[in-house]
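Q: My questions all concern the structure below.
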Amino acid sequence: MKDRIHMQVISDNYRQIPSVAFQRRQSVPVNSSLRLVQVLKLPRQCRHQSLKIQLIERHPNQKEFTDLYYQNDRKQKRRYLKYYCVYLPLCIYLLMISLICLGTIIAAIVIGLLSLAKTTTTTATTTSETTTVTTTSVTTTTQTTDIPCSPSCNLEQTCIQNVCTNVGYLACTLTWSRPGDGDIVVTTPSGKTIYYANRGPSNATNQGELDRDDQVGEGPENVYWPSNGTLPPTGTYYVCFEPYQFNNPIISITNPITVIYRIVRPSSPTLIFTRTFTSTITNSYNCNITSNTLIGSFNYP
């Protein structure tokens, strides 16, 4: 009997719990931490009912609350969509552009460094070639017979590569092996130099004259002393070659150029001086025994 009475009292207490919870909810705000602790201490069924009552009272219009919830949810989703579909691809695109620009700058720096290294190497090679030419070039002296021209040359001329050139008392005639602009340079025994900028005849050339200047072919170029003028000075003459312009191709080991001088004197055999160049060598039109452009020397008479 005592157990039955005890179970009845417990049953009555459970029936009163929802109302007690409801009364407590009215006296405590929803956002109060104390109220939340009190609610959590209730049995599960009562706790659920108490929270549900609070939500209904706080949002009496359930449809409006639901719409507001979904509206906020859609805004959140749109923010996520905008981030992942717009901002993130844009950041990736800008990063790629930055990497490409950085790669371009690095490539330009590397190419510039390589070009500088290549220029230095080319200069060193040219110097080496110049030394080789000066050391190994050979000058020879031979005799030859003039080749007839058509029409034939007069008595004071000689035929060089089918061109009649003047001889007079003395003639120095220059030819080269491929088209370009080569220049004849002749220095007399008195130290006067005859070339394109000092053609003569004048005291500055000892009355010698540059009467033929070829700028595009293979020569000939000619310096002579007319037979109706002053005799050439007696002594040693020096003949040199200045490669003014040979760019197609430039003078090199694979594209050398051979220079031939013919020294014509009416009373003596023709002298021939030959030299092959494998690089461009200039000496500012100075021609003497120490010049690196020297082709040969001879004595007159």
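The values are calculated or read from the model by the stated rules, or taken from the named source; none is laboratory data. Keep in mind the model is a prediction, meaning the values are calculated, not measured. Counting neighbours? That spans all protein chains shown, and the Cβs are built from the backbone with ideal geometry, glycine included.
Q: Among what's in the stretch 236-262 and is out of contact with any helix residue (DSSP H, G or I) (no Cβ under 8 Å at 6 or more places or on another chain) and more than 27 Å from ALA171 (Cα to Cα), pick the residue that is surrounded by the fewest Cβ atoms within 10 Å (Cβ to Cβ). Working first, answer last.
A: Pass one, the stretch 236-262, residues out of contact with any helix residue (DSSP H, G or I) (no Cβ under 8 Å at 6 or more places or on another chain): 236-251, 254-262.
Narrowing further to those that are more than 27 Å from ALA171 (Cα to Cα): 247-251, 254-255.
Numbers: ASN247: 9, ASN248: 9, PRO249: 10, ILE250: 13, ILE251: 21, THR254: 7, ASN255: 12.
The residue in question is THR254.
Q: When you look at ILE281, is it in the same structural domain as SER177 (by TED's automatic domain parsing), of a type in the set (Val, Ile, Thr), at negative phi and in a loop (DSSP other than H, G, I, E, B), yes or no? It would help to see each step written out before you state the result.
A: On the way: in the same structural domain as SER177 (by TED's automatic domain parsing): yes; of a type in the set (Val, Ile, Thr): yes; at negative phi: yes; in a loop (DSSP other than H, G, I, E, B): yes.
For ILE281, the condition - in the same structural domain as SER177 (by TED's automatic domain parsing), of a type in the set (Val, Ile, Thr), at negative phi and in a loop (DSSP other than H, G, I, E, B) - is met.
Q: Given the stretch 145-240, what strands (runs of 3 or more DSSP E) lie entirely inside it while holding 1 or more residues that are closer than 18 Å to ILE260 by Cβ, touching a residue at least 60 places away in the same chain (Cβ under 8 Å) and of a type outside the set (S, T, N, Q)?
A: 157-160, 170-176, 181-187
Q: Please give the number of the condition SER252 fails out of (1) under 21 Å from CYS164 (Cα atoms); (2) assigned to a loop (DSSP other than H, G, I, E, B).
A: (1)
Q: Where the second residue is part of a strand (DSSP E or B) and basic (Lys, Arg) and the first is in contact (Cβ under 8 Å) with a residue 60 or more places away in the chain and within 28 Å of THR158 (Cβ to Cβ) and lies in the stretch 251-266, which pairs have Cβ atoms under 9 Å and are six or more apart or on separate chains?
A: THR258/ARG275; VAL259/ARG275; ILE260/ARG275; TYR261/ARG275
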